[in-house]
1. Looking only at the stretch 228-254, filter to residues that are touching a Pro at 6+ places or on another chain (Cβ under 8 Å) and part of a strand (DSSP E or B); which one of those is nearest to G74 (Cα to Cα)?
2. Using beta carbons and a limit of 7 Å, which pairs, at least six apart or on different chains, have the first residue in the stretch 40-53 and more than 15 Å from H18 (Cβ to Cβ) and of a type outside the set (K, R) and the second one at pLDDT 95 or above and assigned to a helix (DSSP H, G or I)?
3. Can you list the strands (runs of 3 or more DSSP E) lying wholly within the stretch 1-106 that have 3 or more residues being of a type outside the set (G, A, S) and modelled with pLDDT of 95 or more?
4. With buried (at least 16 other Cβ atoms within 10 Å of the Cβ), closer than 26 Å to T262 by Cα and not charged (D, E, K, R) as the only criterion, which of L109, L105 stands out?
5. Residues of the stretch 47-63 being buried (at least 22 other Cβ atoms within 10 Å of the Cβ) and either hydrophobic (A, V, I, L, M, F, W, C) or touching a Pro at 6+ places or on another chain (Cβ under 9 Å) (or both), which ones?
6. Would you tally the residues in the stretch 228-264 being within 16 Å of ligand 2 (Cβ to nearest atom) and either surrounded by 14 or more Cβ atoms within 10 Å (Cβ to Cβ) or among the polar types (S, T, N, Q) (or both)?
Amino acid sequence: MKTITTEQIVEDLFEAQHKVQTLPQFAKDIPGFDEDKAYDVQELLVEKQCREEGTSVSGWKLGLTSKAKQQMMGVHEPSYGVLLKNMSLEEGQSHSIERFIHGKLEPELAFVFKEDVKGEYITPAQIIQSTAYVLPAFEVIDSRFEAFKFTLLDAVADNSSSCRYILGNQLLDPAQVEMRLGGVVFRKNGEVVATSTLAAVMGNPANAIAWMANKLAKRGQFIRKGQVVLSGAITQAVHIEPGDHFTASFDGFGTIHASFMTGE
Ligand code: OOG
Ligand code: MG
């Protein structure tokens, strides 16, 4: 068994991100490392990123909210992480993969909030009511762990593999969106790599956001007015290689695009 402090884990994860290199999973080797401690690491890691990268929090993301993702990662519970302003990339552009260790792309539904959502018994209906608009999004996830393998607790400490996010420009009123049967077609270089519907995310993406709001309350946190929240991937995640062009078509919204290349 190792003796490793929370501060050391934060340092190691921060360094892995900045040196674009992996590190071994650790959670199983630390006696007593539980979900609360994993979220403590996440919080301190995010504080360090804000301080040292001169950025700030823009919102939240859910992870592992669909069966496709849970099966892919062998983890059977959702998690959340924090989004930072410097993780945001422009839609429709070509982006460098230089800073990714082994990035993967996922189509998600993003919610942008028009008011704070605070409390312990938040319902999906309250989430819909507090949302200014929803829009299609891509998330680039990048685990700091070797071979993209981890337990739930490792991934939580690693800010749920947060790396970058790309918001589409098609905004819709959440009350007008078919949150269950709304289809999504995910393509890589023109080929369909996955198809799904929004119900893949815990029956309805608003359920996932409500789950997170209630989880946040237990840690004295909440969703703030103006923040963006990603629902968690609607399909499996797909590895990004330089030269790749991805699209995700969302029923009722249209299509979002992202390309990736080497170089800065
Ligand atoms: C954990 C983060 C998962 C999602 O949308 O499911 C995630 C991971 O799979 O690396 O962002
Ligand atoms: Mg995701």
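1. This residue is A248.
2. Listed by first residue and then by second, the contacts come to V41/I9; V41/V10; V41/A157; Q42/V156; Q42/A157; Q42/N159; L44/V10.
3. 57-63, 79-84
4. Selected residue: L105, the only one of L109, L105 that is buried (at least 16 other Cβ atoms within 10 Å of the Cβ), closer than 26 Å to T262 by Cα and not charged (D, E, K, R).
5. The answer is W60, L62, G63.
6. 17
For every residue, the table says whether it meets (1) surrounded by fewer than 16 Cβ atoms within 10 Å (Cβ to Cβ); (2) within 17 Å of I122 (Cα to Cα).
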| position | (1), (2) |
| --- | --- |
| F186 | no, no |
| T195 | yes, no |
| V201 | no, no |
| N204 | no, yes |
| A208 | no, yes |
| N214 | yes, yes |
| G226 | yes, no |
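Every residue, every condition in (1) closer than 26 Å to A206 by Cα; (2) more than 12 Å from ligand 2 (Cβ to nearest atom), yes or no:
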site: Q49; (1), (2): no, yes
site: G54; (1), (2): no, yes
site: A68; (1), (2): yes, no
site: Q71; (1), (2): yes, yes
site: S79; (1), (2): yes, no
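The values are calculated or read from the model by the stated rules, or taken from the named source; none is laboratory data. From a predicted model like this one, the values you see are computed outputs, not experimental measurements. Cβ coordinates were reconstructed from backbone atoms using ideal geometry, including for glycine residues, and neighbour counts include every protein chain displayed.
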